[in-house]
Amino acid sequence: MNQGKAAIKMSPLGIFDSGVGGLCVLREIKKLLPHESIHYFADSINCPYGSKTRQEVLSLSRKNIEFLLKLDCKLIVIACNTVTAVAIDSFRSEYNIPFVGMEPALKPAALQTKSKKIGILATENTINGRLFKQTLEKHATGLDVYIQPGYGLVELVENKAQNSDQAQSLLKKYLFPMMDKGVDTIVLGCTHYPFLTEMIKKVTKNRVTIIDPAAAVANQTKKMLIKFDLASNSQNHPLFNFSTTGEKKIVETFIENTMNTPYTLEQINI
Ligand code: DGL
């Protein structure tokens, strides 16, 4: 292996999201790939992306990617269903770096459901995307699928209000109608929603199975690192660095609930 390749293998994985949601994905990646350094970028000042136009999502995400590329990230995980739905195809042809994106976890939900009725909570942009429609066609034949945009949920998470009365009443409003139809499995189609898991369990009285794709995305990241010969072979302690365009304090709380290793966090404008 030449010097260049050895250095690239030591470079960090880049992960970004419109905010703190992607930390759920980071947690799984860190578990599965304990020798990888990570740079996580949260664009909280511009969050939510879920109802923005395609052009806005493309241009904000491009900035996030350029930022991570300046830090020499060797692979980028788009830990945001919305950006994946709107823009991953464009980015794959635009940049010379591997990307891993989020996929709606319909396949595991189809395997799991007994009632053959599943519910999906996601942002508007994710629901309207081609990827979502393709995944539905591929994995949801023979199932009744209830699709619900999670208006307002991302904002609640970004404001650390995931255990608030407001979160409870929004979740009741979104989940009760599908449960009345017999849904027994709910797919979390937005990386912010796993932070609402406890509230979802409470509201549904533990009567539904919650499907979160984060572990599958970590597996896909590992496969891509192997495929492109990019996996770190260092036994040194990996580095964890975070940047946010929003308030440091908020991100800090989420990081500390996600991992207990040393890290740096900076507030930036890009
Ligand atoms: N975490 C993003 C996602 O998975 C949230 C989208 C938003 O910012 O609205 O879609």
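What pairs from LYS107/LYS160; LYS138/LYS173; LYS30/LYS138; LYS5/LYS227 go past 21 Å between their alpha carbons? Could the numbers behind the result be given before it?
Details: LYS107/LYS160 31 Å; LYS138/LYS173 29 Å; LYS30/LYS138 30 Å; LYS5/LYS227 14 Å.
Violating the 21 Å limit, Cα to Cα: LYS107/LYS160; LYS138/LYS173; LYS30/LYS138.
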Looking at region 40-122, which trypsin sites (Lys or Arg not before Pro) are DSSP coil and have at most 16 other C-beta atoms within 10 Å of their C-beta? LYS114, LYS116
Under a 5 Å amide H to amide H cut-off, with H placed in plane at 1.01 Å, what residues pair with GLU103 once short-range neighbours are removed? none
Ordered by residue, what ³J(HN,Hα) values in Hz, to whole numbers, does region 241-256 give under the Karplus form 6.51 cos²θ - 1.76 cosθ + 1.60, where θ = phi - 60° and Gly and Pro are x? 10, 10, 10, 9, 8, x, 7, 4, 4, 5, 4, 3, 4, 5, 4, 5
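In percent, how large is the relative contact order of region 139-221, given Cα pairs closer than 8 Å and 6 or more residues apart? Before the final figure, lay out each step's value.
Working: 58 pairs, mean separation 25.7, N = 83.
Here the relative contact order equals 31 percent.
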By Cβ neighbour count within 10 Å, fewest first, CYS73, CYS190 rank CYS73, CYS190
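Can you sort LEU75, LEU23 by how many other beta carbons sit within 10 Å, fewest first? Before the final figure, lay out each step's value.
Numbers: LEU75 22, LEU23 26.
The most exposed by this proxy come first: LEU75, LEU23.
Grab the other residues whose beta carbon is less than 12 angstrom from that of THR113, score K and R as +1, D and E as -1, and report the net.
Values: positive: LYS107, LYS114, LYS116, LYS117; negative: ASP144, ASP184.
Computed value for this residue: +2.
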What's the local net charge at PHE132, with K and R +1, D and E -1, over the other residues with C-beta under 15 Å away? +1
Neighbour-count ranking for LEU111, LEU188, LEU131 (other C-beta within 10 angstrom, fewest to most) reads LEU111, LEU131, LEU188
At what distance in angstrom do the alpha carbon centres of region 103-181 and region 228-244 lie from each other? 33 Å
Could you grab the relative contact order for the chain? Cα pairs under 8 Å, six or more apart, rounded to a whole percent. 28 percent
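Any idea what the relative contact order of region 35-175 is, in percent, if you count C-alpha pairs under 8 Å spaced at least 6 apart? Please report the intermediate quantities before stating the final value.
Details: 138 pairs, mean separation 30.6, N = 141.
This gives 22 percent for region 35-175.
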Extension gain from SER90 to ARG207, taking 0.36 nm per residue of separation minus the Cα-Cα distance: 38.2 nm
Amide H contacts under 5 Å for THR123, restricted to residues at least 5 apart in sequence or on another chain and with H modeled in the peptide plane, are GLY150
I want to verify a result. In a Gaussian network model of the chain, Cα cutoff 10 Å, which of these has the top mean-square fluctuation: TYR95, TYR193, TYR151? TYR95
Choice from SER169, SER93, SER232 showing the highest fluctuation, given a GNM over the chain with Cα pairs closer than 10 Å: SER93
Most mobile of ILE45, ILE29, ILE211 per a Gaussian network model of the chain (Cα springs, under 10 Å)? ILE45
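Quick note: the coordinates plus some simple rules give every number you see, no bench work behind them. Predicted model, so just to flag it, every value in this text is computed and none were measured. Here the Cβ is made from the backbone with ideal geometry for all residues, glycine too, and neighbour counts use every protein chain on show.
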